[in-house]
1. Go through the range B:19-54 and give me each residue that's open to solvent by less than 20 Å² (accessible area, probe 1.4 Å) and among the charged types (D, E, K, R).
2. Taking the condition of a type outside the set (F, W, Y) and touching a Phe, Trp or Tyr at 6+ places or on another chain (Cβ under 6 Å), does A:A163 pass?
3. Can you pull out the residues in the range A:65-99 that are crowded, with 20+ Cβ neighbours inside 10 Å, free of Cβ contacts under 8 Å to residues at least 60 places away in the same chain and in a loop (DSSP other than H, G, I, E, B)?
4. Any idea how many residues of the range B:174-185 are out of contact with any Lys or Arg (no Cβ under 9 Å at 6 or more places or on another chain) and within 30 Å of B:G31 (Cβ to Cβ)?
5. Restricting the range A:8-20 to residues that are part of a helix (DSSP H, G or I) and touching a helix residue (DSSP H, G or I) at 6+ places or on another chain (Cβ under 7 Å), which is nearest to the other protein chains (Cβ to nearest Cβ)?
6. Would you confirm, using the coordinates I've provided, whether A:V62 is away from chain B (no Cβ under 14 Å) and surrounded by fewer than 21 Cβ atoms within 10 Å (Cβ to Cβ)?
7. Would you pick out the residues in the range A:21-33 that are at the interface with another protein chain (Cβ under 7 Å from one of its Cβ atoms) and either open to solvent by 10 Å² or more (accessible area, probe 1.4 Å) or under 21 Å from the mean Cα position of the chain (by Cα) (or both)?
8. Tell me the residue from B:R184, B:R201, B:R173, B:R160 that is closer than 29 Å to A:G23 by Cβ and free of Cβ contacts under 8 Å to residues at least 24 places away in the same chain, please.
Amino acid sequence: MTVNAVPRPGFDAELRAGLAVVGGMFPPTITPELIDFMRLSYASPPMNDLFRQHRIDVTDVVLPGYQGGDLTAAVLRPRDAQGPRPTVLYAHSGGLMFGDKFSGLDLVLDWVSDLGAIVVTVDYRLAPEFPDPYPWEDMYAALEWVAAEAGNLGVRRDRILVAGASAGGGLAAGIALAARDRGGPRPCGQLLDYPMLDDRLITASTAQFDGIGVWDRVSNRTAWQALLGDRRGGDDVSAYAAPARAGDLSALPPAFIDVGAAEIFRDEAIDYAGRIWAAGGDAELHVWSGAFHACDIFAPHTSVGRSMIRTRNAWVEKILAD
Amino acid sequence: MQELLGRIARLDPNSSLGLRVIACFDELIVGNVNTRALLAAAASLAGCTAGFRESGSQAEMRVSPRGEIDRSQALTPRDDLLARAGDDMLVWLERDEAPLANDAIILERLALAVRIRHGRGQREIDNRRHLGVLTERTSSVEERLDAAGALGLVAARRYRIVAAPLFAVWEGRPSGPEDVIGTRFGPIHVVVVPEIFEPFRAAPGGIGIAASVHGLDRSFRSALVALRLCDPPREPMVVADDYGGLIELLADADDDAQHDYADSLTLVAQQHPWALETVEALVTTQTVREAARELDIHHSTLQARCDTLRTGLGFDPLQGFGRTRLGTAFLMHRLSRSTVLDMPAPAAVPG
């Protein structure tokens, strides 16, 4: 009667308490049968009051995605700002299978209200209905659109940050790679919050957090399978879909990478930062003790959550602020 | 987290948000977190600033739902949003509008947690502690009697413990003392019911053996094993009585001990997709013919499967103690692979 004999770092006490509340709404283990449930439970609540409180104007836009398909996106703009603004292109979380442009966006609003940045957040198309390369090609198309429309949008073309959380972090890393290789618009930075980078599920941390927390090996396999189908884990996976596959991490924009010590993405995030440094690049890596995946979204009031948010915002300020 | 509670309530109208609040503060108490963290959790759950004041030292702290120290002008604490945490400590929530459904339980648990954090309350027993005492193996006879008395349980009667995860879906709720108990499987919702109880259903849920107030720890352990044997929707609830004393043996088995024949069954199950349903049919029927009927296969097919099992397991599953060994291995295999406490209740989702 062995009960999970794998040793692993424990969760912080405040975060354990948060998990006791979250339990079941975001199950630790997501199988393909649960995708519909997740689309319901992870759908973002109405945000209008929050936008109003933060004095943020929101414009819904439609832009051409991969192969010209229509994408919806929202442009969030500080009501009081003047002149061309630094801009964040944001890819939301949700395992590439669920979530929408407003998922987890509370934390991003600080950049608009405190730093005067514009945020463009995109409804990239979701797997499994839209498998690879739709999600990252959609995000890449959005990057090109923001750069091309910079004048109309009031965006400073030289100061576009690509950012995302979890699956969105993987997409942000992917389009930074694609922009380098295709000679596209060069982002001024890439913000990768606990990013989902590797379809191979091979690290030690991938095996350590099975069946607990909010994202485990099975959920991760479900997500990558939805994106890549039978190609998952094989030789035919593009680095833009799974950035851990990239052989060359040189000449990328400065990276901020944060990750929990108690989550499955820990080792792939650390490895990605390490390989950016090895290639002579600029990366800032934070590994938060006791933190489960996306704990800043689920429990922003906790000591660990506040530290994550504060540290991340300080980096964004350094990269973006006037 | 207030917004998360709201979403949980919308997704699953049966969910007991109050129990989630209790489980949340249980973790905070066990984790021995500081006053700010306690206030931050309360504020985050309530969606408004939470405050604390100690009259002796004049210490005061107010924390916002985002966990920041709130330095704005405090609202005057209202009687209906206030709780006393011992003689000289107050906690409160700052709301303009009427109290919300969970405010009372948030305040009660916050007060308890603050009292304990400040070293003034470990010995004061509240309801949560009573059920904790009754389900704890090491409690003394006197402690059990005190706790049972405080909960209105009678020493001459027999009761059962019902165990379910916080996300269980209930149809009909048994009435009886209830609480959340921290276990190594996470917080578990526990209800004490009489030996003979009104029908109800918790999916998943485990019902323990009947015991006097002195044996409710055994009932709890058997209820936990029963719960972990659930396999909803096929088998949403398990009653420990159905397995006689076997569940009690399993409840007291050492988790770290080697169970080679359970491991052999796991190997056989990996090699043969038919293995587990076949074993289940064998251990729940009297004869090979009956098991074959149950499985809807020819008995010679079953005989061939039994031969394969004998080779894989290293003993004859049909001879002497073989049946018992097979049954034990089967239950151990199910326990070691139980995911019933990890999963949500997607059945509760509308549409």
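1. Scanning the range B:19-54 gives B:R20, B:D26.
2. Values: of a type outside the set (F, W, Y): yes; touching a Phe, Trp or Tyr at 6+ places or on another chain (Cβ under 6 Å): yes.
Yes: the conditions hold for A:A163.
3. Within the range A:65-99, none qualify.
4. The initial filter retains those residues of the range B:174-185 that are out of contact with any Lys or Arg (no Cβ under 9 Å at 6 or more places or on another chain), namely B:174-178, B:182-184.
Cutting the leftovers down to within 30 Å of B:G31 (Cβ to Cβ) gives us B:176-178, B:182-184.
Total meeting the criteria: 6.
5. Going through the range A:8-20, the residues part of a helix (DSSP H, G or I) turn out to be A:13-20.
Of the ones still in play, those that are also touching a helix residue (DSSP H, G or I) at 6+ places or on another chain (Cβ under 7 Å) are A:13-18, A:20.
Working: A:A13: 2, A:E14: 5, A:L15: 9, A:R16: 4, A:A17: 4, A:G18: 7, A:A20: 4 Å.
That would be A:A13.
6. Details: away from chain B (no Cβ under 14 Å): yes; surrounded by fewer than 21 Cβ atoms within 10 Å (Cβ to Cβ): yes.
Yes; evaluated as a whole, the condition is true for this residue.
7. From the range A:21-33, those at the interface with another protein chain (Cβ under 7 Å from one of its Cβ atoms) are A:21-25, A:27-29; that's our starting set.
Result: A:V22, A:G23, A:G24, A:M25, A:P27, A:P28, A:T29.
8. Values: B:R201 fails: free of Cβ contacts under 8 Å to residues at least 24 places away in the same chain; B:R173 fails: free of Cβ contacts under 8 Å to residues at least 24 places away in the same chain; B:R160 fails: free of Cβ contacts under 8 Å to residues at least 24 places away in the same chain.
So the residue among B:R184, B:R201, B:R173, B:R160 that is closer than 29 Å to A:G23 by Cβ and free of Cβ contacts under 8 Å to residues at least 24 places away in the same chain is B:R184.
The values are calculated or read from the model by the stated rules, or taken from the named source; none is laboratory data. For clarity, every value in this text was computed on a predicted model and none was experimentally measured. Cβ: placed from backbone, ideal geometry, glycine included. Neighbour counts: every protein chain shown. What goes into the accessible areas is simple: the full protein's heavy atoms, side chains included, and nothing from ligands, DNA or RNA. Shrake-Rupley method; radii C 1.70, N 1.55, O 1.52, S 1.80 Å.
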